[in-house]
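Below is one structure, written out as structure tokens; comments come after it.
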Amino acid sequence: MVLPKIDRLSIRDVIQITPARHGDARGFFSETYNKAAFQEVGITCEFIQDNHALSRDLGTIRGLHFQMPPFAQAKLVRVVRGAIWDVAVDIRRGSPTYGSSCAVLLSAENGRQLFVPRGFAHAYCTTEPDTEVLYKVDAPYSRGHERGLLWNDPALRIEWPIEEAKSILIERDRQHPPLHELETFFSYSPGD
């Protein structure tokens with residue numbers, strides 16, 4: 001078993017994962033998920049569903065989304081075409097990093113993945129047109145449990161790679177509450 005390269009971000013529970021790529025003149029092969037290898041590095045959730053999203057335009061922002069319990073989701077995000085600026089925000093009330101965000105560039109070229117645990121709002125911004133994102137989740141989608149956080153709330157200090165005036169969002173994502181108005185959906189316990 002080959003373990004992927006693991007980088008803990010500024011919020012330790014959010015993990016950047018870079019699977020090994022084995023290349024030759026034909027291209028490359030990469031094992032993007034192996035349950036035993038992921039458990040070895042501390043990712044023990046059981047993924048139950050794969051999702052695939054296409055964003056046609058540069059500057060498309062999807063998020064900041066999360067699902068509240070009992071349908072809270074952990075996600076494993078990767079890009080198979082194009083690139084995204086992928087963002088996670090800690091919304092676990094009582095966490096030492098509550099309201100903090102971290103972000104990484106995920107692209108088809110760099111092969112990186114981002115593990116976003118439960119208790120985090122998630123969003124991404126496309127940095128190339130015709131970007132395709134694949135992500136695994138460990139709970140099913142539930143429209144009644146879907147919630148969001150305002151993507152451009154200044155309190156979050158997210159450095160988006162696009163000017164606000166050029167961003168492309170659906171109206172629903174422009175209407176989410178800012179952090180100071182967000183209900184408590186997740187609580188942090190030391191040892192989490």
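The values are calculated or read from the model by the stated rules, or taken from the named source; none is laboratory data. As the structure is a computational prediction, the values presented were derived from the model and not from experiment. Glycine also receives a Cβ, built like all others from the backbone with ideal geometry; neighbour counts cover every protein chain displayed.
For the stretch 63-104, name all the residues that are out of contact with any Gly (no Cβ under 8 Å at 6 or more places or on another chain) and acidic (Asp, Glu).
Listed by number, the list holds a single entry, ASP86.
For the subset of the stretch 1-40 comprising residues that are among the aromatic types (Phe, Trp, Tyr) and under 19 Å from LYS136 (Cα atoms), which member is surrounded by the fewest Cβ atoms within 10 Å (Cβ to Cβ)? Walk me through how you get there before you give the answer.
From the stretch 1-40, those among the aromatic types (Phe, Trp, Tyr) are 28-29, 33, 38; that's our starting set.
Among the residues that remain, those that are also under 19 Å from LYS136 (Cα atoms) are: 33, 38.
On the way: TYR33: 16, PHE38: 20.
Checked the stretch 1-40; the qualifying residue surrounded by the fewest Cβ atoms within 10 Å (Cβ to Cβ) is TYR33.
Can you tell me how many residues in the stretch 152-177 are under 26 Å from PHE47 (Cα atoms) and in contact with a helix residue (DSSP H, G or I) (Cβ under 6 Å, 6 or more places away or on another chain)?
Initial filter on the stretch 152-177 (under 26 Å from PHE47 (Cα atoms)): 173.
Filter again for in contact with a helix residue (DSSP H, G or I) (Cβ under 6 Å, 6 or more places away or on another chain), leaving none.
Number of matching residues: 0.
Conditions (1) surrounded by 20 or more Cβ atoms within 10 Å (Cβ to Cβ); (2) touching a residue at least 60 places away in the same chain (Cβ under 8 Å); (3) farther than 17 Å from ALA53 by Cα, marked per residue:
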| site | (1), (2), (3) |
| --- | --- |
| TYR124 | yes, yes, no |
| VAL137 | yes, yes, no |
| LEU169 | no, yes, no |
| PRO190 | no, no, yes |
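Taking the stretch 171-188, which residues are free of Cβ contacts under 8 Å to residues at least 60 places away in the same chain and of a type in the set (S, T, N, Q)?
Step one: of the stretch 171-188, the residues free of Cβ contacts under 8 Å to residues at least 60 places away in the same chain are 171-172, 174-175, 177-178, 180-181, 183.
Selection gives GLN175 alone.
If you go through the stretch 137-175, how many residues are assigned to a helix (DSSP H, G or I) and over 13 Å from LEU64 (Cα atoms)? Show your work before the answer.
Initially, the stretch 137-175 is screened for residues assigned to a helix (DSSP H, G or I), giving 143-145, 154-156, 164-166, 171-174.
Filter once more, keeping what is over 13 Å from LEU64 (Cα atoms): 143-145, 154-155, 164-166.
Count: 8.
Is it true that VAL89 is in a strand (DSSP E or B), hydrophobic (A, V, I, L, M, F, W, C), in contact with an Asp or Glu (Cβ under 7 Å, 6 or more places away or on another chain) and crowded, with 21+ Cβ neighbours inside 10 Å?
Details: in a strand (DSSP E or B): yes; hydrophobic (A, V, I, L, M, F, W, C): yes; in contact with an Asp or Glu (Cβ under 7 Å, 6 or more places away or on another chain): no; crowded, with 21+ Cβ neighbours inside 10 Å: yes.
Considered against the rule, which asks whether it is in a strand (DSSP E or B), hydrophobic (A, V, I, L, M, F, W, C), in contact with an Asp or Glu (Cβ under 7 Å, 6 or more places away or on another chain) and crowded, with 21+ Cβ neighbours inside 10 Å, VAL89 comes out as no.
Within the stretch 41-64, which residues are out of contact with any Asp or Glu (no Cβ under 9 Å at 6 or more places or on another chain) and surrounded by 14 or more Cβ atoms within 10 Å (Cβ to Cβ)?
Quick first cut of the stretch 41-64, residues out of contact with any Asp or Glu (no Cβ under 9 Å at 6 or more places or on another chain) only: 41-44, 50-51, 60.
If the condition is that a residue be out of contact with any Asp or Glu (no Cβ under 9 Å at 6 or more places or on another chain) and surrounded by 14 or more Cβ atoms within 10 Å (Cβ to Cβ), then VAL41, ILE43, THR60 are the ones that fit.
Residue under question is PHE29, and the condition is that it be under 21 Å from LEU149 (Cβ atoms) and either assigned to a strand (DSSP E or B) or at pLDDT 95 or above (or both); does it hold?
Working: under 21 Å from LEU149 (Cβ atoms): no; either assigned to a strand (DSSP E or B) or at pLDDT 95 or above (or both): yes.
Answer is no for this residue.
Have a look at ASP57, ASP7 and point out the one that is in contact with a strand residue (DSSP E or B) (Cβ under 6 Å, 6 or more places away or on another chain) and either at pLDDT below 90 or assigned to a strand (DSSP E or B) (or both). Outline the logic, then answer.
On the way: ASP57 fails: either at pLDDT below 90 or assigned to a strand (DSSP E or B) (or both).
Every option except ASP7 fails the conditions.
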